[in-house]
Amino acid sequence: MDFIHSSGVQMTRYLQEHYQGSQGWFLFISFAADLRNTFFILFPIWFHLCEAVGVKLIWVAVIGDWLNLVFKWILFGQRPYWWVYETSYYGNASTPVIQQFPVTCETGPGSPSGHAMGSAGVYYVMVTALLSTLRQHRRSPFQQHRCLRGVLWMSFWGVQLSVCLSRIFLAAHFPHQVITGVVSGMAVAEAFRHIHAIYDASFRRYLGITLFLFSFALGFYLLLKALSVDLLWSVEKAKRWCERPEWVHIDTTPFASLLRNLGILFGLGLALNSQMYLESCKGKMGQQLPFRLSCIAASLLLLHLFDSFKPPAKVELLFYVLSFCKSAAVPVAAAGLIPYCVAQLIGRQKEKLL
């Protein structure tokens, strides 16, 4: 593994030396590939345009990130920004110098890449959804349809390549970790193409799955801790080798991402089984395009303001609880509260006109 890691460090150095002018682009790509944007931007758009795709996005993102956490705990993957300082591979030779950035110092293990896995799963869902829509409404010539199909898949792979290069440039991951992430993310998304129970799941099922995912992860952590295996070993490495202490954020820790994602899944189940959702999205108004566009605009605005709230990080337990609650509120607002309020507003305006 030392040879693979050293090759990855060399690639990081090459990108940083020869593509330093693209630093802003790589930082933007890394930010855009964060699952937070799936929940706060992509989900409300897709949910109100095609509800099934929006629901699948959440399931693929949450289950994919949960599997990513389990894989990271099993594989004990290193990260470039701390590996170069701890390895004995270079012997008496000088240690390669790689640059760090504010988003470099993630605290979880490195394999597989969460950004690459999440991006691959989410964009795979969107591309296959668009292709399915094209097949259902194909009125264009075969060659034109084939061209559109090629453009979509080229765009997909272009995004994945950009995400992978970004994570390597930022010294957050080795090349084999981002490749594993892309393959894993696509596998999760492909699996959910054949799971149709997610579209009419009851709140009890959402609650049961949320509790199972949390219990499994916590039980796995406690079991290995009882065997003297510390699954949070990477947090200490991040604190030790990060250039600036303020770059180490609690929201990148394994349990922070776990509770954030489980909050999203719990909130989706709460929203889809609420009376607000039934009276708005499932009513006659839910089929009207102006209503859907209004819900998208209102959701994006409100969730953008809501995302600016950051739970206090001084008390870890409080941070985790508030992160769960904040995440749960996202789908409740986008799929329940906002559509209900928009429906009530439009209904009152129609009554005034009559």
- Query: With θ set to phi - 60° and the Karplus curve 6.51 cos²θ - 1.76 cosθ + 1.60, what are the ³J(HN,Hα) couplings of region 112-127 in order, to the nearest whole Hz, using x for Gly and Pro?
  - Reply: x, 5, x, 5, 5, 5, x, 4, 4, x, 5, 6, 5, 4, 5, 5
- Per residue of the chain, what 222 nm ellipticity follows from adding -39500 (n - 2.57) for every DSSP H run with n ≥ 4, rounded to the nearest 500? -23000 deg cm²/dmol
- From the C-alpha gyration tensor of the chain, pull out the three semi-axes of the equivalent ellipsoid (sqrt of 5λ each), sorted largest to smallest, in whole Å. 38, 25, 18
- Treat each spin label as a single point 7 Å out from the Cα along the C-beta direction, and report the residue 37 to residue 317 distance in nm. 3.6
- Message: Could you tell me how far the Cα centroid of region 107-178 sits from the Cα centroid of region 298-354, in Å?
- Response: 29
- With every protein chain present, what accessible area does residue 205 have (1.4 Å probe, heavy atoms only), rounded to the nearest 10 Å²? 120
- Quick one: Kirkwood hydrodynamic radius for region 28-72, alpha-carbon pairs, angstrom, one decimal? 11.1
- Task: Take the solvent-accessible surface of the protein heavy atoms, probe 1.4 Å, and return the percent of it on region 34-146 that carbon and sulfur atoms account for.
- Result: 56
- Query: Quick one: putting +1 on the C-beta of Lys and Arg, -1 on the C-beta of Asp and Glu, what dipole do you get for the chain around its Cα centre, in Debye to the nearest 20?
  - Reply: 1120
- Item | At R0 = 35 Å, FRET efficiency that the Cβ-Cβ distance of residue 216 and residue 95 yields, to 0.05 | 0.35
- Query: For residue 345 and residue 154, what is the calculated FRET efficiency with R₀ set at 25 Å and r taken between the beta-carbons, to the nearest 0.05?
  - Reply: 0.05
- Expressed as a percent, the accessible surface of region 228-287 that is carbon or sulfur, using a 1.4 Å probe and the full set of protein chains, is 53
- Item | Solvent-accessible area per residue, Å², over the chain with all protein chains present [probe radius 1.4 Å] | 50
- Taking region 68-139, which trypsin sites (Lys or Arg not before Pro) meet the DSSP loop condition and have no more than 12 other C-beta atoms within 10 Å? 138, 139
- Once you sort the root eigenvalues of the Cα gyration tensor of region 137-283 as a ≥ b ≥ c, which label holds: rounded (a/c under 1.5), prolate (a/b larger than b/c) or oblate (the other case)? oblate
- Query: How would 151, 70 rank on accessible area, largest to smallest, probe 1.4 Å?
  - Reply: 151, 70
- Item | Cα convex hull of region 124-204, projected area averaged across orientations, nm² | 7.6
- Item | In sequence order, calculated HN-Hα J values of region 331-340 (Karplus, 6.51, -1.76, 1.60; Hz; x Gly/Pro) | x, 4, 6, 6, 9, x, 5, 5, x, 5
- Note on the structure: Taking the dipole of the chain about the Cα centre (Lys, Arg +1; Asp, Glu -1; charges at Cβ), the one of 84, 110, 38 that reaches farthest to the positive side is 38
- For residue 247 and residue 305, calculate 0.36 nm times their separation in residues minus their Cα-Cα distance, and state this gained length in nm to one decimal. 18.5 nm
- Roughly how much of residue 165 is accessible, in Å² to the nearest 10, using a 1.4 Å probe? 50
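The values are calculated or read from the model by the stated rules, or taken from the named source; none is laboratory data. Note that the structure is a prediction, hence the values are computed from the model and not measured. When we count neighbours, we look across all protein chains shown, and the Cβ atoms used for this are built from the backbone with ideal geometry, even at glycine. In case anyone asks, the SASA skips ligands and DNA or RNA and just uses the protein heavy atoms, side chains included. Shrake-Rupley method; radii C 1.70, N 1.55, O 1.52, S 1.80 Å.
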